[in-house]
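K.L.:
Starting off with a structure, shown below.
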Amino acid sequence: MTRLEDLRQRLIDSRLESAASVEELVLAWRGETGAGEQAAGEQFAEWLVQTERLTDFQSEALLAGQTGPFQLGPYRVSEHLAVGRLGGLFRAVHEEFEQPVCLKIFPAALAGQPDKLAHVGREARILTELNHHNVIRSFHVGHVGQTYYLVLEELQGETLSARLQRDGPMPYRLACRVVRDIARGLEHLHANQVLHRDLRPEHVWLAPGDVPKIMEFGAAHDALAYLDELPAEDQFQGLWPEV
């Protein structure tokens, strides 16, 4: 059994969470679950996985006493950035080339959920077809065992939702520019026969300079939507190389 205090410190030492954010998460966990002072670290770790603050493999490593950075194939995974539609977004570095990227890591449990796995395949398929500075770029898709992931461009900044929650409404001129650039990204999607179908502030990333990037394509519809009806093993054939 892992002491809660030990798990909290490992989260900080691994740079997955700051000391302040760990305290906020513990309070949220206690408020949501009613966990008492004697609750074990395993219970907190399970909640962190369920809320997509940790991946399955990170949880297992932390509970085993390991601290990061954690390895997923050729990528060293460090801090958590955001919760996605079906998976968490993490900062990472390619070990051989020292190339900073972001990984969208999907829960291993999706391997047993064909409907949700189809959403993952759709997002991977669509992102590899798009190339626009107002749409998040994807470089690679892969999996290690039952853990599937997308390799995305390095992201500095925050989601539009996080910005609005922290600072409130944007100044008029900035808001108009952000909306204009999002529209340009949507124009690129439509030119490639893609409908996003789930555009909202938490699905727009604000890069430095307040450059918006549309992300989260799990609900999108494209010209190859008929592939979603195929069995998962047929959808992913050649798409998800194991590293």
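K.L.:
Could you go through the range 42-52 in sequence order and give the Karplus-derived ³J(HN,Hα) for each residue, using 6.51 cos²θ - 1.76 cosθ + 1.60 with θ = phi - 60°, rounded to whole Hz, and x for Gly and Pro?
P.N.:
4, 5, 5, 4, 4, 5, 4, 5, 4, 8, 6
K.L.:
Still on this structure, I have one more. Using the alpha-carbon atoms, what tilt in degrees (0 to 90, nearest 10) does helix 4-13 show relative to the longest principal axis of the chain?
P.N.:
50
K.L.:
With the chain treated as a Gaussian network of Cα nodes joined by springs under 10 Å, which of Arg53, Arg166, Arg125 yields the largest mean-square fluctuation?
P.N.:
With Cα springs under 10 Å in the chain, the top fluctuation among Arg53, Arg166, Arg125 is at Arg166.
K.L.:
Something else now. For Cα pairs less than 8 Å apart in space and 6+ apart in sequence, what is the mean separation divided by the residue count of the chain, i.e. the relative contact order in percent?
P.N.:
Numbers: 392 pairs, mean separation 40.0, N = 243.
Computed over the chain, the figure is 16 percent.
K.L.:
Compute the Cα gyration tensor for the range 23-96, then decide on rounded, prolate or oblate, letting a ≥ b ≥ c be the square roots of its eigenvalues: rounded whenever a/c is under 1.5, prolate when a/b is larger than b/c in the other cases, and oblate in all that remain. Before the final figure, lay out each step's value.
P.N.:
Values: a/c = 2.75, a/b = 1.73, b/c = 1.59.
Taking the square roots of the gyration eigenvalues as a ≥ b ≥ c, the range 23-96 is prolate.
K.L.:
Classify the chain as rounded, prolate or oblate from the Cα gyration tensor: take a ≥ b ≥ c as the square roots of its eigenvalues, call it rounded if a/c is under 1.5, otherwise prolate when a/b beats b/c and oblate if not.
P.N.:
On the way: a/c = 1.84, a/b = 1.30, b/c = 1.41.
In terms of gyration-tensor shape, oblate.
K.L.:
Ignoring ligands, DNA and RNA, please state the percent of accessible area on the range 44-187 from carbon and sulfur, probe 1.4 Å. Present the calculation step by step, with values, prior to reporting the outcome.
P.N.:
On the way: 3260 of 6550 Å².
Exposed carbon and sulfur together represent 50 percent of the surface.
K.L.:
Please check: in the Gaussian network model of the chain (C-alpha springs, under 10 Å), which one of Pro114, Pro171, Pro208 has the largest mean-square fluctuation.
P.N.:
In the Gaussian network model the winner is Pro171.
The values are calculated or read from the model by the stated rules, or taken from the named source; none is laboratory data. Keep in mind that what you see is a predicted model, and the values were worked out from it rather than measured. What goes into the accessible areas is simple: the full protein's heavy atoms, side chains included, and nothing from ligands, DNA or RNA. Shrake-Rupley method; radii C 1.70, N 1.55, O 1.52, S 1.80 Å.
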